Amino acid sequence: MTTEEKDTARLLMVAIEHLHFAYNTGTPVLKDVSLAVRPGEKLGIIGPSGAGKSTLLLHLNGILQGQGVVKINGVEVEKRNFREIRRQVGLVFQNPDDQLFNPTVEEDVAFGPLCAGGESNDVSRRVTAVLKRLNLNGFEKKVSHHLSYGERKRVALATVLVSNPGVIAFDEPFANLDPAMVSQLIEIIISLESTVIVVSQSILPVCACCERLAVLQKGEIVAVGNTEKIAADRELLKKCGLDYSFLCDICRKIKVNH
Amino acid sequence: MYHGFLDKYAGLDSPVHRLDPRAKISSALAALVIVTSEPRGDIIPYGLYYLILAVIILLSRVPLDYYLKRILVVTPFVLAVVILLPVSFILTGQDIALDIDTAVFQPLSILLKAFWALLVLTVLTSTERMHTLLAALRLMKSPTVLNVILALTYRYIFILTDETLRTGRARESRLTGRPSGGHLALYGNQAALVFIRSWERSHLVYQAMLARGFEGNFPVYRKFSFTLKDCLVMIGFILILLLIRGLV
């Protein structure tokens, strides 16, 4: 690595180099994945089901560890750095029911900062602030299983935002949401100051909130580029089973009928 | 889906509801130990215990039928124990004197102790939200593993109920006539499916916990205020029970 490359690597918020991973079955899920994300950048990782997108996300804070190097803000993801890494990286899981494991909203949101040794009054202030930011005031004492899916999704985001992580990674954030909630979530993601990685099959919402896209297919990164360029490459998207032109056709059709 | 059966009456306002959860838990534990260890077969102390409990139940404003339904659920099991106890003595060749104490008071005391335990726990869980009780237990330094298991059970029991309902609907919607292998095999498959999903979910939940910095300890966020009034009520209640028991 040249001095220039080293300097560039130091400036990266997320650096994944030659990552390989296979589950117990032995089938490789990630094959030589390399990605670089700059601080404050919003990167979308798109790919069909089973491409390895969620598996890739779980490498960002060491829940899964494959062969290769993953660095967050220059710190390598390895066991001795887990505490530091998990403060830096917030994961928003696809299903909020997997993320919200405490009985009440406030306990769930406070869980991360308290685990990090946060002082009780400070945590309380942060919980109130983040719930207000996500229009969840008054939800503090509510029990998670009494909330709607969209509300649970917002609470799941609150559990991550409260720790103010440098990197926020979303796993299929737009799945099972109604259009209004999708639009709201896009606004929220755009407003985030942290580095954001969005993993999704829903290309249009990802295009709306990310400036750069990476295409993952069968565990390999097949293309990386700015959103306009990747979204316009119909041939590539078609090859990866991500062609969304039928949506444009539907829109056109509706417009004609109206 | 909304399941409110656990905290159905926890939102009421009554002197019992207003007590600090730690005072309630301590009082309930003391009540269980004092009464279930009552050695006398005499009916009078039980009358006094139940009188105190009746006052608390009335003060709690929780409808009486709520308690009665819970008693009905366990009655067959308690009766089975009461009936089978003398039978077990006979089968093991022990001599039992057929006097009024053995025939009436001993079975009756088992019955009364079982209902006492049930009613005390029902008062406790119906006058406080489950998550508040769990937080209070955590503050009272209850074993972490036990508390975490209870908290996760409370959090996920409704999700599992929903999953069972959903898989049940899917089964019913496709069922025309008797299934091959019979209904029992079908229910067995459904139970296995829910079990596998639970296992997968537990894996994901653990990943989510790790992602948020979990290192083995569940932090306590809730704060309670244990006032002088809570303390006096708790001590008063325990003292009365001890007085009836003859230990004070």
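A short reminder: the numbers here are calculations on the coordinates, not readings from a lab. Being a predicted model, the structure only gives us computed values, none of them experimental. Please note: Cβ atoms are built from the backbone with ideal geometry, for glycine as well, and neighbour counts cover all protein chains shown.
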Item to complete: Please build a GNM for chain B, connecting alpha carbons under 10 Å apart, and tell me which residue among B:216, B:93, B:168 fluctuates the most.
Response: B:93
Discussion item. Quick test of the membrane-span-like rule: which DSSP H helices of chain B reach at least 24 Å along their long axis (C-alpha atoms) with mean Kyte hydropathy at least 0.0?
Written reply: B:43-60, B:64-91, B:106-126, B:144-174, B:182-211, B:228-245
Discussion item. Just want the ordering: B:65, A:108, from fewest to most Cβ atoms lying within 10 Å of their own Cβ.
Written reply: B:65, A:108
Discussion item. Using a Gaussian network model on chain B with a 10 Å cutoff between Cα atoms, which of B:73, B:35, B:123 fluctuates the most?
Written reply: B:73
Practice prompt. Starting with the fewest neighbours, write out A:45, A:230, B:83 ranked by other beta-carbon atoms found within 10 Å of each beta-carbon.
Written response: B:83, A:230, A:45
Item to complete: Could you pull out every one of the aspartates and glutamates with an alpha carbon less than 18 Å from that of residue B:223, ignoring same-chain neighbours closer than 8 positions?
Response: A:106, A:107, A:108, A:119, A:122, A:140, B:20, B:128
Fill in: Theoretical FRET efficiency, 1/(1+(r/R0)^6), r = Cβ-Cβ of residue A:175 and residue B:89, R0 60 Å, to 0.05
0.45
Worksheet entry | Most mobile listed residue (B:57, B:238, B:43) in chain B, GNM with C-alpha springs under 10 Å | B:43
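Strictly greater than 31 Å: what percent of every Cα pair in the protein assembly as shown meets that?
Values: 74395 of 127765 pairs.
For the protein assembly as shown, the share of Cα pairs beyond 31 Å comes to 58 percent.
What is the dipole size for the protein assembly as shown, taken about its Cα centre, with +1 at each Lys and Arg Cβ and -1 at each Asp and Glu Cβ, in debye to the nearest 20?
Values: 55 positive and 46 negative charges, 116 e Å.
The dipole magnitude comes to about 560 debye.
Report the FRET efficiency, 1/(1 + (r/R0)^6), for residue A:218 and residue B:153, where r is their Cβ-Cβ distance and R0 is 35 Å, rounded to 0.05.
On the way: r = 39 Å, r/R0 = 1.12.
The formula returns an efficiency of 0.35 here.
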Worksheet item: Looking at chain B, which longest stretch skips every one of the trypsin sites (Lys or Arg not before Pro) that is in a DSSP loop with at most 11 other Cβ atoms within 10 Å, leaving the sites themselves out?
Response: B:1-140
Fill in: Two-decimal ratio, the range A:4-106, of alpha-carbon radius of gyration to 2.2 N^0.38 Å
1.15
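Kindly put B:13, A:233, A:178, B:230 in sequence by how many other C-beta atoms sit within 10 Å of each C-beta, fewest to most. Mind showing how you got there, number by number?
Numbers: B:13 8, A:233 16, A:178 11, B:230 20.
Least to most surrounded, the residues fall as B:13, A:178, A:233, B:230.
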Worksheet entry | Expected-Rg normalisation [2.2 N^0.38 Å, Cα atoms] applied to the range B:142-211 | 1.43
Fill in: For the range A:195-212 versus the range A:38-86, the gap between their alpha-carbon centres in whole angstrom
16
Worksheet item: Where Rh denotes the Kirkwood radius from the mean inverse Cα pair distance, what is Rg over Rh for the range A:173-258?
Response: 0.99
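Looking at the square roots a ≥ b ≥ c of the eigenvalues of the Cα gyration tensor of chain A, which shape do they give, rounded for a/c under 1.5, prolate if a/b is larger than b/c, or oblate? Numbers along the way, then the final one.
Numbers: a/c = 1.79, a/b = 1.11, b/c = 1.61.
Oblate, since a/c reaches 1.5 and b/c is not below a/b.
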Fill in: Geometric extent, Cα atoms of the range B:100-217 - Rg, Dmax (angstrom)
21.3, 64
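Of all the C-alpha pairs in the range B:27-71, what % are more than 12 Å from each other? Provide the component values of the computation, followed by the final result.
On the way: 682 of 990 pairs.
Beyond 12 Å sits 69 percent of the P(r) for the range B:27-71.
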Item to complete: Please list the radius of gyration and Dmax for chain B, considering alpha-carbon atoms only, with Å as the unit.
Response: 22.8, 68
Worksheet, complete the sentence: Per-residue ellipticity at 222 nm attributable to helices in chain B (runs of n ≥ 4 DSSP H, -39500 (n - 2.57) apiece, nearest 500 deg cm²/dmol) works out to -24500 deg cm²/dmol
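Taking a quarter of the surface of the Cα convex hull of the range A:58-210, what do you get in nm²?
Numbers: hull surface 36.9 nm².
One quarter of the hull surface, i.e. the mean projection, equals 9.2 nm².
With a length cut of 27 Å (Cα positions projected on each helix's long axis) and a Kyte-Doolittle mean of at least 1.6, go through chain A and give me the DSSP H helices that pass. Walk me through the numbers on the way to the answer.
Working: long enough: none.
TM-like helix candidates: nothing returned.
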Worksheet, complete the sentence: One finds the C-alpha centres of the range A:88-153 and the range B:180-248 to be spaced, in Å, by 20
Worksheet item: Of all the C-alpha pairs in the range A:64-103, what % are more than 13 Å from each other?
Response: 62
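Given Cβ point charges of +1 (Lys, Arg) and -1 (Asp, Glu) and nothing else, what value in debye, to the nearest 20, does the dipole of the range A:98-182 about its Cα centre take?
Roughly 280 debye, rounded to the nearest 20.
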Worksheet item: Bin by bin, in steps of 5 Å, what percent of the Cα pairs in the range A:195-244 do you find, going until the bin that has the longest distance?
Response: 5, 20, 37, 28, 8, 1
Practice prompt. Quick one: give the max-minus-min coordinate of the C-alpha atoms of the range A:74-137 along each principal axis, largest first, in Å.
Written response: 37, 29, 21
Worksheet entry | Cα-centre dipole for chain B with unit charges at Cβ (Lys and Arg positive, Asp and Glu negative), debye to 20 | 1000
